[in-house]
Amino acid sequence: MISPEQNNILEALASGLSKPPRLPILRKPAEYDMTFEEVSFVTEDGVEVSAWFMPGATGHVIVSNHFSPGNKYGFAGHLDGLDFAGGFEVNFLPRYKALVDAGYSVLAYDLRGHGGSGDSADGISGVGYYEWQEVLAALDYVQSRKDVTEISLYTMCMGANATLNAMDKRPQAFEGLKSMICIAPLKGRTTIERQCEKMGINPEEGVATFAPIYNNITGLTVDDHNIIPKAKGISLPTFFVQVRDDMNSRWQDVQEMYELAPAADKKIHYIEDTPWRFKGYQYFSDHPQQMIDWFDAHK
C-alpha cells in the first residue's frame, strides 16, 4: 500500500523529470583557455538551442549533449541544495579541453528547458522523447559550417535517449558519422523501479501509482521511455559506458543495448566502485585517454 508520504514523493519525482530545475552554468570555455563561439540554432518545433562551438586544429567535431538536470557546462552538485547526486561537481570543461588539445572541435549544446536553451511550447521536458529534435538541429548546424569535415557524437543519459530516438526517426541523418560515445542510456521503467526500491515500495505497485501522475503532467507513458529496443537502430561504431552499481538504473539494461547494437565495431566499459550515476558523466573529464583513443580510432 502506497502511503500519502510515498505518493507525494512519486508526485515530486514525476514533476522533477518533466519540469526539471534550470540550473546555473558556472563555467565557460575561456576559463580553460579555449576559444569559443556562443552559437544558437532552432529545432523543428521552434525551440531555440544554446550552444558553444570550441574550434580545434582539425575539422573533426564532437557533438556533445548532456543529462538532466545538467547543461552544457555540467552540474553544480557541490553547491548547497544540489548535493542530491553525491555532492560533487560534474564539470565537462576538462573533457572539452582534452578533445580540443587532441585536435578535435567540440559543439556542446543545451537540451530544451536546460541551460540557455528555450522551453518547448508546453514547458515539458521529454527526457529524450522530444529532444531528438535538438540532436538533429545540432547535426544540421555543424554540417552547415565550412570548417567541419567529420562528425562524431558524445551522448549521455537524456541526451543518449534523445540521440537514439533521433536515429530511430531519421536514420539518414546519421549516415557518414564516424562514431559515438553513449554514456548511461536510460530505461524509464527501471528508473522508477529503482526509486521505489529506495523508498521501500514494491516496484510494481510504485510504477502503477507513478504512471498516471506522470501521464497527467506530460501525456507520456512510462514505456514511452523504453529506449532499449532503439539500440537496434544504432548505425555507427559505439562505445557504451555505465556505472555498474548505479543506484538509479541497472547495468544489465545497458549490457542488453550493447548486445542489440548491430555494429560489429562496439565497446563497453563499466565504471566500478561507486553507486553514483553522475560519476559516469564526469568520468572522461577525469580520465580522458579512453575517450581520445576511441575518437582517434574512428577518424
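At a glance:
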| quantity | calculated |
| --- | --- |
| Complete set of residues in the range 238-250 that are open to solvent by 30 Å² or more (accessible area, probe 1.4 Å) and either over 20 Å from the mean Cα position of the chain (by Cα) or farther than 26 Å from Lys19 by Cα (or both) | Arg244, Asp245 |
| Top-ranked residue in the range 34-78 [being free of Cβ contacts under 8 Å to residues at least 40 places away in the same chain and part of a loop (DSSP other than H, G, I, E, B); ranked as farthest from Ser105 (Cα to Cα)] | His78 |
| Any hit, the range 203-217, residues being in contact (Cβ under 8 Å) with a residue 60 or more places away in the chain and charged (D, E, K, R) | yes |
| Per-region count, the range 107-130, residues within 19 Å of Asp224 (Cα to Cα) and not acidic (Asp, Glu) | 11 |
| Pairs with Cβ under 7 Å, 6+ apart, first in the range 243-264 and of a type in the set (Gly, Ala, Ser), second assigned to a helix (DSSP H, G or I) | Ser249/Thr190; Ser249/Thr191; Ser249/Arg194; Ala261/Ala231 |
| Scope the range 179-222; condition in a helix (DSSP H, G or I), open to solvent by less than 20 Å² (accessible area, probe 1.4 Å) and of a type in the set (Val, Ile, Thr); matching residues | Thr190, Thr191, Ile192, Val207, Thr218, Val222 |
| Boolean, Val39 is surrounded by fewer than 22 Cβ atoms within 10 Å (Cβ to Cβ), of a type in the set (Val, Ile, Thr) and under 25 Å from Ala162 (Cα atoms) | yes |
| Residues of the range 166-178 satisfying the condition of being closer than 19 Å to Gly126 by Cβ and open to solvent by 10 Å² or more (accessible area, probe 1.4 Å) | Asp168, Lys169, Arg170, Ala173 |
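The values are calculated or read from the model by the stated rules, or taken from the named source; none is laboratory data. Please read these numbers as outputs of a predicted model, since none were measured by experiment. With ideal geometry, Cβ positions are generated from the backbone for all residues, glycine too; neighbour counts draw on all protein chains shown. These accessible areas exclude ligands, DNA and RNA; they are computed on the full protein's heavy atoms, side chains included. Shrake-Rupley method; radii C 1.70, N 1.55, O 1.52, S 1.80 Å.
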